[in-house]
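Beneath this line is the structure, given in structure tokens, with notes to follow.
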Amino acid sequence: MRTFICTVGTSLVENDGVDSGYVQDLDNASVDANPPAANKVKESIRKAIKNADTRDKKLALSAEIKSLLSAEIAASDEVVLLHSDNKLGQVCAEMLKEILELDKWVGCSVDVRRISDLQVQNFERMNKKGIRNLYEVVIGLIKAKGGEYNKNIILNITGGYKVVVPYLTILGMLYNFKIIYIFENSNELITLPALPIKYDEELLLSAEEFLKKLFADGLLPADTFPKYLEQRRDEYIPAIIIESDGELMLSAFGELLYQRFVQDYPEDLPKCKEKPEEKRLAFKDGEDKPPIVALARRLILSPFVCEIVNSIPFHPGEINRIRPNQNFENGLVEIVLPKTDKGLGMVIRTTGRNPAETKQIADLLAKQYKW
């Protein structure tokens, strides 16, 4: 089963037969309003649905429908529709749900979510609240569906405000998800494969405590910006932190990065106090091969790795990066480089205080460093 997370636009009401006056009324109305225009627009859309008796007519009904049908959506899939914070967005999302749940169209499960403050009348409100709320909803959906380990999550950014496209594209790359899109007046589905991007982890680690407080409190006085970060102030402000009217807050992008960071570096796991250049690397004579040394130098950058204890006997044919059947006692983890002919390996000492924490750290390292 695939999960399509789709932003919703208004192409559904751009069909012939939908009164533009009613559309304007809905565009100006709040989600909680119930103007007569809502039912009028829905009736017009239902007529268009009945007339869509060929695939070409179905594809022409809306950008969201075109992209989903082009992605060969099936009844076994599910769709989450994210709509803007006005009545027009809500009506379009509700009608898309009605269409997709029809057996003769797709017959799949559909959920509709409102994104508060996602509108274009007030850019400051959109930037400070709307994008943040969008991230909160999408990240919540990702976690509920199994997190980044669920590779059947697909972001469909075809519909909705174009200003949202770069924000969701960055999110998709940070969480390593496939993204699909269809340009206007085109029938070709553009697919961006899962393309993981790295962020400056050291930048966030250096400001971890301050970012944690800023995330929790929402706003802090500008003079609370840590003195020890002043030399790198331009790296934090304005990309990650917004300074306005004597106050600091995380930007929408900063909040996204911080949530990704917390997932990569859980705060309940202890961190090594030594700097990477202070950590010990030890190998047996003759086993300090370039691949294993290169990986060791990467691993000691992690705050969860305290030292490289030793190399271990070769394990040719081993396919697991974390050697199976180890007890993870004393924070020790045995890892293997399965892509090397001899199965080079090493023992690392982590900050794990018990086998459960050590196993968690081992899994995090394998995911982050992908050796």
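What follows draws every value from the coordinates through simple rules; no lab data is involved. A quick note: this is a predicted structure, and the numbers were derived from the prediction, not measured. Cβ coordinates were reconstructed from backbone atoms using ideal geometry, including for glycine residues, and neighbour counts include every protein chain displayed.
How many angstrom separate the Cα center of the range 307-371 from the Cα center of the range 66-115?
The range 307-371 and the range 66-115 have Cα centres spaced 44 Å from each other.
Would you mind telling me which residue in G159, G317, G130 has the biggest mean-square fluctuation in a Gaussian network model of the chain, where springs connect alpha carbons within a distance under 10 angstrom?
G317
Indicate the gyration tensor shape class of the range 14-139 (rounded, prolate or oblate), computed on the Cα atoms with a ≥ b ≥ c the square roots of the eigenvalues: a/c under 1.5 is rounded; otherwise a/b larger than b/c is prolate and the rest oblate.
Oblate shape, in that a/c is at least 1.5 and b/c is the bigger or equal ratio.
Given R₀ = 51 Å, FRET efficiency for V120-R298 by Cβ-Cβ distance, to 0.05?
FRET efficiency, V120 to R298: 0.75.
Calculate how steeply helix 87-100 sits against the longest principal axis of the alpha-carbon atoms of the chain, using the helix alpha-carbon long axis, and give the answer as 0 to 90 degrees to the nearest 10.
80
Compute the helix-to-body angle for 164-174: its Cα long axis versus the longest principal axis of the chain, expressed 0 to 90° and rounded to tens.
Here the helix axis deviates by roughly 30 degrees.
Could you give the angle, 0 to 90 degrees to the nearest 10, between helix 355-369's Cα long axis and the longest principal axis of the Cα atoms of the chain?
Helix 355-369 and the main axis of the chain meet at about 70 degrees.
Under 1.5 on a/c is rounded, so check that first for the range 276-369, then, if it is not, pick prolate when a/b is larger than b/c and oblate when it is not; a ≥ b ≥ c are the square roots of the alpha carbon gyration tensor eigenvalues.
Verdict is oblate for the range 276-369.
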